[in-house]
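Enquirer: Next up is a structure, given as structure tokens.
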Amino acid sequence: MKKIDLVIIGGGPAGLSAAKTAAESGLASLVIERSSAIGGQLVKQTHMFFGSEKQYAKTRGIDIAKILVKDVLEFPNLIEIMTNTTVVGLYKDKVVTLLKKEKYIKVQAKAIIIATGASEKVLAFENNDLPGIYGAGAVQTLMNVHGVMPGHDVVMVGSGNIGLIISYQLIQAGVNVKCVLEAASTIGGYKVHASKLKRLGVDIKTSHSIKKAIGKDCLEKIIIGKLDDKWNFIDGFDEEIEIDALCISVGLSPLSSLLSMIGTEMKYVGYLGGLVPLINKNHETSIENIFVAGDVCGIEEASSAIVEGYLTGLVVANKLGFIHPKYDELYLDFKNQLRNLRSGPFGEKIRLGLKEIAR
Amino acid sequence: MLNINGVPSKTLILSRFPDEKYLNKPKAITECYERIPCNPCSTSCPFGAIHIGEDINTPPVVDFDKCTGCGICVYSCPGLAIFTVELLDELNARFKIPYELRPLPKVGETWDGVNRAGEFITKAYIEKVSLKEKQDRTALIQVIVPKKYIYEFITIRSKL
Amino acid sequence: MRIKEHPILTFGEKEKLSFFFDGKEVYGYEGDTIASALHALGIKILSYSIKLKRPRGLYCAIGNCSSCNMIVDGKPNVRSCVTMLVEGMNVKTQVNKGDINEKN
């Protein structure tokens with residue numbers, strides 16, 4: 001069995017950042033990524049990021065991905081990367097089982113960082129399985145990775161940052177965005193994103209949601225309705241909109257199944273997007289040397305995932321006896337950055353959620 | 001009704017503009033009304049004219065004495081929420097707006113000028129189009145519109 | 001349905017790959033997944049649901065939802081959204097659970 005000190009599951013912003021600080025501390029790691037490329041969801045993000053300089057503010061997500069990958073490639077003797085490899089099992093004795101093509105591999109780790117990110121939530125409505133209905137991330141993959149238009153006329157469901165940003169990216173790709181539907185009475189994401197859309201003529205319909213999708217083999221039109229303050233549709237406000245693509249952006253849910261498999265203490269926290277592990281201030285779960293970073297322990301932004309990754313790599317290395325030359329300074333800096341990112345009104349949900357999972 | 005449809009009220013918009021006497025030179029208007037963790041406008045300004053401070057959730061405040069209207073903040077803002085405005089004469093105003101769509105306007109063309117609700121308000125003359133490498137794919141378009149629209153004009157669209 | 005001009009991204013010249021969809025020869029490009037290549041050709045129905053035979057297509061495009069299962073080179077239940085396109089691939093719309101003994 002292969003023996004590695006640190007196994008990092010997930011080659012997105014959190015996983016790559018953790019590998020970097022671990023390597024800077026002298027600790028070797030294996031980064032496992034199920035897709036063909038590392039960089040996570042950043043490889044689809046064509047927009048400039050928010051935050052501060054330390055989190056690469058004003059740099060486009062696609063370029064942040066390149067920076068994080070380059071950082072990791074600076075440590076070829078300490079960081080091993082396996083792509084097209086899925087973790088299929090995680091065991092209490094820190095054995096990680098992998099599947100690469102048809103080959104089954106077992107790895108014995110001393111410590112594991114789970115940075116598996118999140119997946120998109122689904123919305124239940126009549127005919128929600130028609131071809132032409134996509135998760136928002138799928139639309140981004142089609143447009144920004146493959147250069148394929150998802151459709152010609154689109155409606156976006158959800159006005160959180162993802163829904164607003166992707167609506168704008170659809171327009172950039174030449175797609176006509178007819179409107180954005182938001183079930184709540186106010187827009188969910190940053191108002192600057194909403195303003196960008198509004199000035200381009202995109203209607204953001206708050207208190208609206210989708211009732212039904214219609215089409216023989218593929219989506220042809222939708223029926224939308226207006227909601228009252230108890231989330232029920234109000235009679236007489238139905239509207240029909242002809243579209244060939246519908247984008248569902250109703251939130252993300254942590255991909256925490258490996259944690260459930262290994263039996264860490266978990267809790268369902270709505271503020272954080274779903275089932276998350278209980279963690280201490282160093283991101284360690286209830287099982288010793290099993291750590292988490294990024295969206296898997298609470299849905300936030302890539303900027304937070306990056307800093308959480310840096311922090312977790314640093315503390316794990318320290319625990320295994322590999323102390324970063326600037327440990328104290330960096331530890332404080334990463335904690336400060338996270339506090340800063342979470343201190344505004346948009347950070348309220350995270351702050352409340354993190355209180356609920358503190359060990 | 002910023003929270004409901006993404007359109008700020010006239011009061012909010014005016015709060016971002018300096019006294020008109022400053023506008024004989026171009027000045028940056030930062031339409032960033034919410035507390036969000038973000039500060040590249042402040043760190044990009046070569047003149048130290050935009051203040052945010054330690055708490056990066058603080059909305060930016062422009063020092064109009066220091067601001068030269070260079071436009072660096074315009075293409076540095078991840079929310080495309082900044083533009084510059086200048087009063088040219090009795091009739092016209094000059095805007096520098098961020099632009100990330102195709103096709104790009106061409107100098108000498110006349111496009112439709114729209115307000116924050118996306119409604120047509122005036123014809124807009126394209127005076128200059130700038131897309132340098134340091135702008136990282138956010139073009140800066142210099143547009144001339146009638147002065148009476150300075151609190152309404154926000155961007156251009158090719159054909160409505 | 002390929003994007004020609006994009007303000008941020010450059011989609012360079014890629015190698016054209018021929019493959020088969022339900023017996024017909026079609027084309028995609030190097031770097032495509034099976035699902036993205038089919039999507040660019042306007043093909044959105046990738047499978048039919050098992051009991052009610054409802055048309056199904058791409059939903060998550062990241063390998064989570066299994067809405068895009070197709071029969072690829074005789075093998076059923078292949079997630080076409082995360083499988084890279086290879087020259088000469090034989091891709092078929094999946095209509096049932098998939099039979100590992102099914103002849104190509």
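Enquirer: Just checking, how many residues over the range B:56-97 are acidic (D, E) and either in contact with a Pro (Cβ under 6 Å, 6 or more places away or on another chain) or within 14 Å of another protein chain (Cβ to nearest Cβ) (or both)?
Expert: The total comes to 1.
Enquirer: With the structure loaded, tell me whether B:C41 is surrounded by 15 or more Cβ atoms within 10 Å (Cβ to Cβ), part of a helix (DSSP H, G or I) and either within 10 Å of another protein chain (Cβ to nearest Cβ) or more than 11 Å from the chain's Cα centre (by Cα) (or both) or whether it fails that test.
Expert: Considered against the rule, which asks whether it is surrounded by 15 or more Cβ atoms within 10 Å (Cβ to Cβ), part of a helix (DSSP H, G or I) and either within 10 Å of another protein chain (Cβ to nearest Cβ) or more than 11 Å from the chain's Cα centre (by Cα) (or both), B:C41 comes out as yes.
Results for (1) within 30 Å of A:V154 (Cα to Cα); (2) among the small types (G, A, S), shown as yes or no for each residue.
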residue: A:I64; (1), (2): yes, no
residue: A:L78; (1), (2): no, no
residue: A:A109; (1), (2): no, yes
residue: A:I112; (1), (2): no, no
residue: A:E120; (1), (2): yes, no
residue: A:F125; (1), (2): yes, no
residue: A:P131; (1), (2): yes, no
residue: A:T141; (1), (2): yes, no
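Enquirer: A:L197 passes all but one of (1) within 28 Å of B:S76 (Cα to Cα); (2) aliphatic (A, V, I, L, M); (3) more than 9 Å from chain B (Cβ to nearest Cβ); which number fails?
Expert: Condition (3) is where A:L197 drops out.
Enquirer: Continuing with the same structure: Hey, any hits in the range A:129-151 for a residue that's more than 8 Å from chain C (Cβ to nearest Cβ), in contact with a strand residue (DSSP E or B) (Cβ under 7 Å, 6 or more places away or on another chain) and part of a strand (DSSP E or B)?
Expert: No, the range A:129-151 contains no residue that is more than 8 Å from chain C (Cβ to nearest Cβ), in contact with a strand residue (DSSP E or B) (Cβ under 7 Å, 6 or more places away or on another chain) and part of a strand (DSSP E or B).
Enquirer: If I ask for residues that are touching a strand residue (DSSP E or B) at 6+ places or on another chain (Cβ under 8 Å), modelled with pLDDT of 95 or more and either at negative phi or among the hydroxyl-bearing types (S, T, Y) (or both), which ones from the range A:1-13 would you list?
Expert: A:K3, A:I4, A:D5, A:L6, A:V7, A:I8, A:I9, A:G11 - these are the residues of the range A:1-13 that are touching a strand residue (DSSP E or B) at 6+ places or on another chain (Cβ under 8 Å), modelled with pLDDT of 95 or more and either at negative phi or among the hydroxyl-bearing types (S, T, Y) (or both).
Enquirer: Let me ask you something else. Just one of A:R34, A:R60 is out of contact with any helix residue (DSSP H, G or I) (no Cβ under 8 Å at 6 or more places or on another chain), without any contact (Cβ under 8 Å) to a residue 24 or more places away in the chain and of a type in the set (D, E, K, R); which is it?
Expert: Matching residue, one of A:R34, A:R60: A:R60.
Enquirer: Would you confirm, using the coordinates I've provided, whether B:K106 is within 14 Å of chain A (Cβ to nearest Cβ) and either of a type in the set (G, A, S) or more than 16 Å from the chain's Cα centre (by Cα) (or both)?
Expert: Answer is no for this residue.
Enquirer: Now for a separate question. Would you confirm whether any residue within the range A:119-126 is among the acidic types (D, E) and within 26 Å of A:D217 (Cβ to Cβ)?
Expert: Yes, the range A:119-126 has at least one match.
Enquirer: How many residues does the range A:300-327 contain that are outside any helix (DSSP H, G or I) and surrounded by 24 or more Cβ atoms within 10 Å (Cβ to Cβ)?
Expert: 1
Enquirer: Take the range A:166-183 and flag every residue that is facing chain B (nearest Cβ under 10 Å) and touching a strand residue (DSSP E or B) at 6+ places or on another chain (Cβ under 7 Å).
Expert: Those that are facing chain B (nearest Cβ under 10 Å) and touching a strand residue (DSSP E or B) at 6+ places or on another chain (Cβ under 7 Å): A:I171, A:V180, A:E182.
Enquirer: Of (1) farther than 30 Å from A:S303 by Cβ; (2) hydrophobic (A, V, I, L, M, F, W, C); (3) crowded, with 16+ Cβ neighbours inside 10 Å, B:I50 satisfies all except one. Which?
Expert: Every listed condition holds for B:I50 apart from (1).
Enquirer: Looking at the range C:45-55 only, could you name the residues that are touching a residue at least 12 places away in the same chain (Cβ under 8 Å) and surrounded by fewer than 23 Cβ atoms within 10 Å (Cβ to Cβ)?
Expert: Across the range C:45-55, the qualifying residues are C:I45, C:Y48, C:I50, C:K53.
Results for (1) of a type in the set (D, E, K, R); (2) within 30 Å of A:G225 (Cβ to Cβ); (3) assigned by TED's automatic domain parsing to the domain that holds A:S29, shown as yes or no for each residue.
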position	(1), (2), (3)
A:T83	no, no, yes
A:K106	yes, no, yes
A:N127	no, yes, no
A:S159	no, yes, no
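Enquirer: Can I ask one more? Would you confirm whether or not the range A:237-260 contains a residue that is away from every other protein chain (no Cβ under 13 Å), free of Cβ contacts under 8 Å to residues at least 60 places away in the same chain and either buried (at least 23 other Cβ atoms within 10 Å of the Cβ) or under 27 Å from the mean Cα position of the chain (by Cα) (or both)?
Expert: For the range A:237-260, residues away from every other protein chain (no Cβ under 13 Å), free of Cβ contacts under 8 Å to residues at least 60 places away in the same chain and either buried (at least 23 other Cβ atoms within 10 Å of the Cβ) or under 27 Å from the mean Cα position of the chain (by Cα) (or both): present.
Enquirer: Given the conditions (1) in contact with a Lys or Arg (Cβ under 9 Å, 6 or more places away or on another chain); (2) on the phi < 0 side of the Ramachandran plot; (3) touching a residue at least 12 places away in the same chain (Cβ under 8 Å), report the number of the one that A:S207 does not fulfil.
Expert: It fails just one condition, (2).
Enquirer: Take the range A:48-92 and flag every residue that is modelled with pLDDT under 95 and of a type in the set (D, E).
Expert: Within the range A:48-92, just A:E53 meets the criteria.
Enquirer: Provide a single number: the residues in the range A:328-359 that are among the charged types (D, E, K, R) and touching a His at 6+ places or on another chain (Cβ under 9 Å).
Expert: Going through the range A:328-359 one residue at a time, the tally reaches 0.
Enquirer: Hey, another quick one. Please count how many residues of the range A:84-118 are under 18 Å from A:G309 (Cβ atoms) and not small (G, A, S).
Expert: Residues meeting the conditions: 5.
Enquirer: Can you tell me which residue among B:L14, B:L23 is crowded, with 17+ Cβ neighbours inside 10 Å and in a helix (DSSP H, G or I)?
Expert: B:L23
Enquirer: Going by the structure shown, is C:S36 of a type in the set (S, T, Y) and either at pLDDT 95 or above or within 27 Å of A:I62 (Cβ to Cβ) (or both)?
Expert: Yes; evaluated as a whole, the condition is true for this residue.
The values are calculated or read from the model by the stated rules, or taken from the named source; none is laboratory data. Note that the structure is predicted; figures quoted are calculated from it, not measured. Every residue, glycine among them, receives a Cβ derived from its backbone with ideal geometry; neighbour counts consider all protein chains shown.
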